[in-house]
Each structure stands twice: as C-alpha cells, then as structure tokens.
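Reviewing the structure listed below.
Values in this text are rule-based calculations from the coordinates and carry no lab data. Source: prediction; values computed, not measured. Backbone-built Cβ (ideal geometry, glycine too); neighbour counts: all protein chains shown.
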Amino acid sequence: MAKQIADTEAKKTIPARIKEFYQDVMVEMGKVTWPSREELKTSTSVVLLLLVIVAAIIYVYDFVFQIMVFGLFKLV
C-alpha cells in the first residue's frame, strides 16, 4: 500500500507538484489567525521599547568597559 502511494507521488509531474504545493499553502494560510491592528501596534511598541532599553544597556556596558580599559592603559 505504501509503495503504491509512493509510486503515485513519484509519477506526478513537476507542474502538478508545484500546483499542489501552492494549494496546500493557501489552505494553511487560511488557518492562520492574524493579529488585529491594535494587537500589531501594541506588539510593535513593546518590541521597539525593548530594543531601545537593550541598546541603552549595551551602550552603558561599552562605556564602562572603555573607561576601565583606558584606565588600565594609563597604569601601564
């Protein structure tokens, strides 16, 4: 039975397989729950806020390490 199914799948032409692929994609995309405009705005705001916070933290760490390294070079 499995060999029959495998043989039928192998016998499909390339255009038929491409068509089947895009049909499957359209079916799956129909199952997706898309966020509302408000959810999208909220999520985007959260991501941008966290991006700014992480960038600020990295800047502070970089500044502190820069001071430490320059201080170390002054000692040498």
Computed over the Cα atoms of the chain, the Rg and Dmax in Å are 27.8, 79
Peptides 29-41, 57-69 ordered by average Cβ neighbours within 10 Å, highest first
57-69, 29-41
